[in-house]
1. Students often get this wrong, so check it: of 363/632; 318/600; 409/632, which have C-alpha atoms separated by over 32 Å?
2. Taking each pair of distinct Cα atoms in the range 159-294 once, what is the resulting Kirkwood hydrodynamic radius in Å?
3. Taking H as built 1.01 Å from N, whose amide H comes closer than 5 Å to the amide H of residue 319, not counting residues under 5 places away?
4. For the range 454-555, what is the convex hull volume of its Cα atoms per residue in Å³?
5. Explain nothing, just compute: Karplus ³J(HN,Hα) = 6.51 cos²θ - 1.76 cosθ + 1.60, θ = phi - 60°, for every residue of the range 516-532 in order, whole Hz, x for Gly and Pro.
6. Here are some pairs, 88/333; 157/470; 576/612; 384/443; which of them have Cα atoms lying more than 26 Å apart in this structure?
7. Starting from the Cα-Cα distance between residue 67 and residue 316, subtract it from 0.36 nm times their residue separation and give me the gain in nm to one decimal.
8. Please turn the phi angles of the range 474-490 into ³J(HN,Hα) values with the Karplus equation 6.51 cos²θ - 1.76 cosθ + 1.60 (θ = phi - 60°), one per residue in order, whole Hz, x for glycine and proline.
Amino acid sequence: MALSLLVASATFAPHSAGLLYSRPVAKVSRDAVMSDVTTGQVHGEGGAYVGGYWVPLEDCPVQFNIAGGSNEQAVRAERSRTGHSAAKLDGTYDVAIVGGGCIGAAIARELAKTDASVVLFEAADDVSQGATKGNSGIVHAGYDDTPGTMRAKLCWKGNQMFPDLDRELHFGYQLTGSLVVARGAEEEKHLHELLARGETNGVKNLRIVDKEELRLMEPNLDDACTAALFSPDAGTLTPYEYTIALAENAADNGVEMRIRREVQAISKSDDGLFNIELNHWEPRDYLEPREGASLGNYFGGDEDGGSTHPELRKGEQKVSVADMKVGGSGSRKGMDGVVVDKESVRARYVVNCAGGASDRLAKMIGDDSFEIKPRLGEYVLLKKTSGDQCNHILFPCPGPLGKGILVQKTLWGNLILGPTARDVHEWADPGTDPETREQVLQKILASCRRLVPGFNTDDAFQSFAGARAKSTEGDWIIRPSEADADFILAAGIDSPGIAGSPAIALEVVDLLEQAGLALNKKDNFNPHRAPIVTPKDHEKDALLGGAPLVYTPDDKTSINADGVAPEQNIVCKCEKVTEAEIVEACRRSLPVDSTQGMRKRTRAGMGGCQGKPWNYGCECRVAQIIAREQSKPVGPAQVGRRPWAATSQFNRRWLNADDKARLVTLSSPELAAIEMGATQRANGDADALTTFPPVSSLNELECEIDLPVPDCVETAMLVDAIENGTDPALAQIEASAAARTAGASKTITFPPKAKELDCDVDAPDPACADGAAALDAIEAKVDEVLPMELIKKLTKRT
């Protein structure tokens, strides 16, 4: 079925009623025939995942890009709020929801099915800017949760709701399935414990697969992996797209939403209603556009955007853990926000789902029964060229801090590595990270090599973090507050919060009814929503029906230089996002006034180039469309931009050759172990041992580097030989050691940490004597080590 394109035009007419074409689509039926494909495809490329299963491009008009969705009845958003009010005639509300993450949005949608008057407040500049944005996007099955907990009660229940939710809202849901991977007999025992725990929690379809079947399921898995617990019901989604879909559908059905609203105080009136005092803020760049930056700011990178692209102005943003509790890169502090108004709202009930700030909100009514202790989780994202490294969500056996550092193919085809699990409350100074960026990256990359050793760190292009809302209660807090039964808590929702979110929403609505809220079903509730994105034929670079996608010349100031139809006009080259998709997002019921917000809706700027101003100029194009499409037009310089550095562990937004070479080193488990021990000795720890993991065994050997045992000598040489030429520091060691072995020199270069020391090995400096002696001894055995071809075979490296 072909899309019908009208005559090409340079731009959309501002604020027209709809797009220039009508999608020839029909409302999806639950009985529609779907494929049984759940892996191997990339969402948006030749089709889409709907309800967990793959739908090819020719069937997308009926099953994905549906007609009759609630978006067709949407009231267009105004600046920082929906375009309608849900207040009753007296100006009050039945329910005020605080927090616009996946929990708040899910609750809002459930209440939208009723006649309740509901308003939602979000402190950041968009929904899903807190913990929801910074996570893996996994719909867990629930086998890991302690029986009897709220997590165990609601995770599996929520998991089973997602296929139908996605058939209604079309946010993209893939039944990827998950594997908890064991390495050896001891970890295999834990798989059986998880299986039994899952069965206790009511989780279905779990089974343990042996090494032979595991190899067929995951051919790139490390050879040391021996078995796995398989859960076919675990799924993958994009967490912010899921939240936006919930919030849009809720708003389309009458829920009022306000962003950039920080709650300052909550009190109770004599008439039983809560008084909620809020600050409304706006970004300084919106209020006071910077002079000389006609297209606004770009963030990150070493190139001088000011001289190369005078229409742009470089900038920077720093985000602390405290900022992450209230929206991170989209928080008032993160956006240099200015309070422009103070608002007062009255509501009969308040639902507290404010994530990292939920304890502060509870204290406003005298409830100090819990405290949020953020747990940082950092990630590294690789390009789609690395996406084929795995088929399922791959977990190691879990540890005391969570499910472990995982490897996963995202819905859109990238490879994601992480997260860490770092408890901020254990830091000596909450404002000072005790670990360096390199240490965090090493932890992620080296851990993931133990699962999938073959991924290419040159494909790394993005790093980000989330702050999970761990609570002192150790479980999800879903109950009326002891301080006031009309104040409902949905707090401390950490992993697997996304999986549990639709079930949590049902639980909260039940609590509201128990508290006295009378709810009647709304007859005209529309559960359906069409997506913003349109899948494309990536092989032919065309839309369904053959109309070609057009890449227009870039002069940074033209949106559509060739005057092609907006449905064909590519504004983001990497992700093939069109002008029509940007306009569609602008005309929905949720406010979007930044390129960051647009990335979450359309993926414009999400690709490998990360919106480089000197590439296709996608951020400049998108900003101009957003400016044009606002309810009250603004200049492009007033449109919010993607921040940098935000929560990234990278040194710059666009990695250079040196950055990539360092990631190779950091990702080697063997080299990481050697570096750690050598650094400890260089720092004066005389008892420290250098750990060399031998090839011939699964166990690590700790070797005294004054007198290395043969296994350790060979293994260390193995690592050095393999890594030679890829890391400048090792190349220097190799060259100086070779000269020493040949008798041409008495020194060897040994770099502890980042500092290089030349050590006379006959009368060495104490700071590097041990390391130099060890390396010298290793290098002396060059000819005795295994041949390079065998080395490559043993380590699976080329």
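1. Details: 363/632 38 Å; 318/600 20 Å; 409/632 40 Å.
Beyond 32 Å between Cα atoms: 363/632; 409/632.
2. On the way: mean 1/r = 0.0496 Å⁻¹.
Computed over the range 159-294, the radius equals 20.2 Å.
3. Distant-sequence amide H within range of residue 319: 646.
4. 291
5. Result, rounded to whole Hz: x, 6, 7, 10, 10, 5, 8, 5, 9, 5, 10, x, 8, 8, 8, x, 7.
6. Values: 88/333 33 Å; 157/470 21 Å; 576/612 15 Å; 384/443 22 Å.
Over 26 Å apart, Cα to Cα: 88/333.
7. 85.5 nm
8. x, 8, 4, 9, 10, 5, x, 5, 5, 7, 6, 5, 8, 10, 8, 9, 9
Read-outs throughout are calculated quantities, based only on the coordinates presented, and are distinct from any laboratory measurement. If you're wondering where the values come from, they're calculated on a predicted model, not measured in any experiment. Using ideal geometry, Cβ is built from the backbone for each residue, glycine included, and neighbour counts are taken over all protein chains shown.
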